[in-house]
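Derivation of every value follows stated rules applied to the coordinates shown; laboratory data play no part. Only a predicted model underlies this, so the values are computations on that prediction, with no experimental measurement involved. Because the Cβ atoms are built from the backbone with ideal geometry, glycine has one as well, and the counts that use them run over all protein chains shown.
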Amino acid sequence: MSELRHGMNRIDSEAARWIERGDREDWSAADQAELEQWLSASPAHAVSYLRLYDAWQRADRLAALRSANAESESAPSRSWMLLMRVAAVFCIIALAGVAAANYFRTPQDQMFSTPVGGRETVRLSDGSLIELNTNTALRIRASADRRLVVLDRGEAYFQVKHNAARPFVVTAADGRVVDLGTKFTVRDGADHLEVALVEGRARFVSANREAKSAVLTPGDVVVATPDSMSVTKRSAQELADALGWRRGVLVFDHTTLADAAAELNRYNREKIVIADPDVRRRIIGATIPVNGVEAFTRVAEKIFGVHVEKSGGEIIISR
């Protein structure tokens, strides 16, 4: 056992020393009390001791099979003493109870994603709903005391069943949202995080250096970057228009062609490229299907008289 301690971590090395000491003839009640104190100090101590003890016992049994004639009359007595010490370990683990279980239990992530142009609805066991927009990836980790969603990319709409005993938390690059009984969207953009509250209340905490927070009410929209956080107000109609993707459409109201093209590009593999700066600044108002690249180009041709040309996987719009 002493040779095995080389290269072990600190806890395993201490557990190995205790197992060695326990095999000595001079083991005393004081030693037993000291062992129990060490085991009860942390669930990690007890688990390490049991794991190494089990490995040691298996090795000991193999050695006994190889040299059965070497057994002495004292073996039953020593085995009984070791059995009593293991029983003490199990008693300590039982006293640790839930604390030990929680320490070693690692919740498994449920992973969901959508391709470009895809959409998916996830219903959680508590009745909450998550709708994933195009090119979105998130992870869900639920435990007894909380529900955590990590938005790795994209955009999602959340309809949360509030439970004060199990907070619902959404984290992304520049902040986190804590549900207070809400419907909200979270969009992880290229250079900012946007959270829009549709219904109820939520608390937003930025992840930037200032670590600001705000309690949101319906219509509040948070934009957070690595350096700042701002809260603005939008009307119910503006929020509904922004959620048009849930109905399969994109609503453009007094939107530049450049911004409209960028939004459509999120949903389509065939990309729109507006080469002319003047054309990029033109204003459009229209409701277009999320896969409506051709509809968009027809509108641009009809209203602005622009030239449209396909080249590879791109649609070039110019004068």
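Would you grab the residues whose amide H sits under 5 Å from the one on residue 175? Only those 5+ places off in sequence or on another chain, please, with H modelled 1.01 Å from N.
Counting only residues 5 or more places away or on other chains, the set is 207.
Compute the length gained on full extension between residue 190 and residue 262: take 0.36 nm times their separation in residues and subtract their Cα-Cα distance, giving the result in nm to one decimal.
Between residue 190 and residue 262, full extension yields an extra 24.7 nm.
Once you have the Kirkwood Rh of the stretch 225-285 from its Cα pairs, apply Stokes-Einstein at 25 °C and 0.890 mPa s and quote D in µm²/s.
Values: Rh = 13.4 Å.
This corresponds to a translational diffusion coefficient of 183 µm²/s.
Evaluate the charge dipole of the stretch 155-209 about its Cα centre and quote only its size in Debye, nearest 20, assuming +1 on the Cβ of each Lys and Arg and -1 on the Cβ of each Asp and Glu. Let's see the in-between values first.
Working: 8 positive and 7 negative charges, 68 e Å.
I would put it at about 320 debye.
Could you give me the ³J(HN,Hα) list for the stretch 226-235, computed from phi with Karplus coefficients 6.51, -1.76, 1.60 and θ = phi - 60°, whole Hz, x at Gly and Pro?
Once θ is set to phi - 60°, the couplings for the stretch 226-235 become x, 10, 8, 8, 9, 10, 10, 10, 10, 6 Hz.
For residue 203 and residue 308 in one chain, what is 0.36 nm times their gap in residues minus the Cα-Cα distance, to one decimal in nm? Walk me through the numbers on the way to the answer.
Values: separation 105, 0.36 × 105 = 37.80 nm, distance 4.56 nm.
Result for the pair: 33.2 nm of gain on full extension.
If the only charges are +1 at each Lys and Arg Cβ and -1 at each Asp and Glu Cβ, what is the size of the charge dipole of the stretch 248-318 around the Cα centre, to the nearest 20 debye? Could you put the intermediate results ahead of the total?
Details: 9 positive and 10 negative charges, 11 e Å.
My answer is approximately 60 debye.
Note down the magnitude of the dipole of the stretch 148-280 about its Cα centre, charges +1 on Lys and Arg C-beta and -1 on Asp and Glu C-beta and zero elsewhere, to the nearest 20 debye. Mind dumping the intermediate values first?
Numbers: 18 positive and 19 negative charges, 134 e Å.
Roughly 640 debye for the stretch 148-280.
Amide H neighbours of residue 199 under 5 Å, at least 5 residues apart or on other chains, H built in the peptide plane: list them.
183
Projected onto the charge dipole of the stretch 110-236 (+1 at Lys/Arg Cβ, -1 at Asp/Glu Cβ, origin at the Cα centre), which of 167, 111, 122 gives the Cα projection farthest towards the positive end?
With unit charges placed on the Cβ atoms, the residue in question is 167.
As an exercise, use a Förster radius of 30 Å and the Cβ-Cβ distance of residue 109 and residue 41 to find the FRET efficiency, rounded to the nearest 0.05.
0.45
For the stretch 110-236, just say rounded, prolate or oblate: build the C-alpha gyration tensor, square-root its eigenvalues into a ≥ b ≥ c, call rounded for a/c under 1.5, and beyond that prolate if a/b exceeds b/c, oblate if not.
On the way: a/c = 1.43, a/b = 1.16, b/c = 1.23.
Rounded shape, in that the Cα axes give a/c under 1.5.
What residues qualify as long-range amide H neighbours of residue 287, i.e. H under 5 Å apart, gap of 5 or more or another chain, H built at 1.01 Å from N?
Placed amide hydrogens put 252 under 5 Å from residue 287.
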